[in-house]
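I have placed the structure first, in the form of C-alpha cells, so that the comments after it can refer back to it.
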Amino acid sequence: MSIQDHPTIGFIGLGSMGGGMTRNLQAAGFPLVVNDVRREAADGLIAGGARWADSAAAVAAASDVVITMLPTPRHVSEVAAGPGGILEGIRDGGTWVDMSTSVPEVADAVRAAASGRGLHIFDAPVSGMSVGAARGMLQIFIGGDADDVARLRPVFEAMGDPERILHVGGHGAGYAVKLMINQLWFSHLVSTAEVLAVGVKAGVDLKVLRDALIASPANSNFLEHDVLSILDGGDYDEGFALALACKDLGLSVDLARAVGMPVELSGLVDQIFRRAKATYGDRAGEMQPFQLYEDLLGTRLRLADAVAVDTDEQKGQAA
C-alpha cells in the first residue's frame with residue numbers, strides 16, 4: 001500500500017495513549033485529522049502535517065476511518081452520539097473504531113442509533129501501556145467482522161505489534177477480552193506485591209526470592225517483566241492514572257455482574273486499588289497499589305538494595 005492509498009484517519013483523544021498512537025500513524029504515512037479537549041496536545045502532529053478539527057463531527061466528516069481513544073465509556077458515548085458527535089459527521093457506510101477501554105453497551109447503542117446507515121463499527125481496545133503506544137508495539141484485541149479487520153490491518157499494524165493484533169470475535173468481544181486482561185494483570189500486581197513483601201519481611205533477600213519465584217510454576221509475565229519498573233527504578237507508571245485503573249476494574253466487575261458470574265477475588269482487588277487511590281490520589285500511577293505493601297513493610301522493594309534483612313529489624317521499620 002502506497003502513502004497515496006492510505007485512508008485519512010480521524011483520531012479523537014490525544015492523551016498518553018492516543019498521543020503515541022497518532023505519532024506512529026503519522027510516521028507510517030497516514031494523513032490525520034485530529035481533535036482533543038486540549039488543542040495543544042495536537043501541536044506536534046499539526047507540525048507534522050495533521051489537520052485540526054473543532055469537533056468530533058468535523059473529524060468524522062473529513063476522515064475515511066474514525067478512531068477514538070477516550071478515558072471512559074461516558075466519554076465514548078458523548079463523542080460518538082452526543083451533540084457535535086461522530087454520528088453527525090460520519091458518512092453513510094463509514095468506519096468507526098473505538099480503541100478505548102469501554103463496554104459493549106456503548107457501541108451497541110451507537111450502532112442502534114445509526115441503524116440503516118451501513119456503518120462499520122467495531123471495538124479494538126489495546127494493552128501495552130503508554131510505552132507500548134509510543135513504540136508502536138501495542139496489543140490490539142478486535143471485536144467485529146473479519147472483513148473489516150482485514151481491511152484495516154495496515155492501520156492496526158502502524159500502532160501495534162503485528163504478531164499480537166488479534167481478531168477475538170464479534171462486536172463487543174474486544175471490550176470483554178481487554179477488561180479480562182486488565183483484571184488479571186491488576187490481580188497479578190496485588191498478589192506479587194503481597195508475596196514479595198511477606199517474603200522480604202520473613203528475611204529472604206528480594207532478588208533471591210524473585211529468582212526462586214521465576215524458576216517456579218508460579219512464574220508470571222508480571223513477576224518476570226512488568227514489576228521491574230518498580231523494583232529497578234521506582235516507577236509506578238504515572239503515564240496511566242490510578243483513577244483510570246480503578247475505572248477499568250469497576251468495568252470488569254460490572255461485566256461479570258451483567259453476565260451473572262460471581263467474582264469475589266476481582267472485587268477484593270478492586271477494593272485494594274480504590275484504597276490506593278484514596279491514599280495516593282487519582283493521578284498516582286496505575287501500579288501504585290504496590291506501594292501499599294511497601295508502606296506496610298516499612299521500606300521500598302528495590303533490587304539494587306536487596307539484602308536479607310533481619311525480621312526484628314524490619315518489624316522496627318514497619319512500626
P(r) histogram, all alpha-carbon pairs of the chain included - 20 Å bins from 0, percent: 31, 51, 17, 1
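Determine the sum of side-chain charges near residue 56: Lys and Arg each +1, Asp and Glu each -1, restricted to other residues whose C-beta is under 11 angstrom from that of residue 56.
Here the charged neighbours net out to -4.
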Unit charges on C-beta of K, R, D, E only; dipole of region 32-156, Debye: 240
Net length gained if the chain between residue 214 and residue 278 were fully extended (0.36 nm per residue, minus Cα distance): 19.8 nm
Cut-off under 5 Å, modelled amide H: who pairs with residue 235 long-range: 230
Summed residue charge, Cβ within 13 Å of residue 188's Cβ, Lys/Arg positive, Asp/Glu negative: -4
Size of region 30-81 as Cα extents on the principal axes (Å, biggest first): 31, 23, 17
Convex hull per residue volume in Å³, alpha carbons only, for region 177-318: 109
Among 273, 234, 299 the positive-end extreme of the charge dipole of region 177-318 (Cβ point charges): 273
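Given the chain, what percent of its DSSP beta bridges are antiparallel, to the nearest 5?
On the way: 4 of 27 bridges.
Bridges in the chain that DSSP calls antiparallel: roughly 15 percent.
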Cα-centre dipole for the chain with unit charges at Cβ (Lys and Arg positive, Asp and Glu negative), debye to 20: 360
Förster radius 30 Å - calculated FRET efficiency between residue 161 and residue 302 (Cβ-Cβ, nearest 0.05): 0.50
Leading residue at positive end of dipole, the chain (Cβ point charges), from 206, 253, 53: 53
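Return the FRET efficiency for the residue pair residue 78, residue 295: r is the Cβ-Cβ distance, R0 is 35 Å, and the value is rounded to the nearest 0.05. Can you show the working numbers first?
Details: r = 38 Å, r/R0 = 1.08.
Calculated value: 0.40.
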Environment charge at residue 172 (Cβ cut-off 9 Å; Lys +1, Arg +1, Asp -1, Glu -1): -3
Dipole magnitude of region 177-318, debye to nearest 20 (Cβ charges: Lys/Arg +1, Asp/Glu -1, about Cα centre): 380
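If the chain between residue 221 and residue 91 were fully stretched, how many nm would it gain, using 0.36 nm times the residue separation less the Cα-Cα distance? Display every interim value, and only then the final one.
Numbers: separation 130, 0.36 × 130 = 46.80 nm, distance 4.31 nm.
My answer for the length gained is 42.5 nm.
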Calculated [θ] (222 nm, deg cm²/dmol) that DSSP helices of n ≥ 4 give over the chain, each run adding -39,500 (n - 2.57): -14500 deg cm²/dmol
Top positive-direction residue, dipole computed over the chain with Cβ charges, set 131, 62, 168: 62
Zone of residue 105's modelled label, taken as backbone nitrogen in region 223-267 under 13 Å from a point 7 Å along Cα→Cβ: 251-260
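No value in this document is a laboratory result; all are computed from the given coordinates. On a predicted model such as this, the values are computed, not experimentally measured, just so you know. Backbone-built Cβ (ideal geometry, glycine too); neighbour counts: all protein chains shown.
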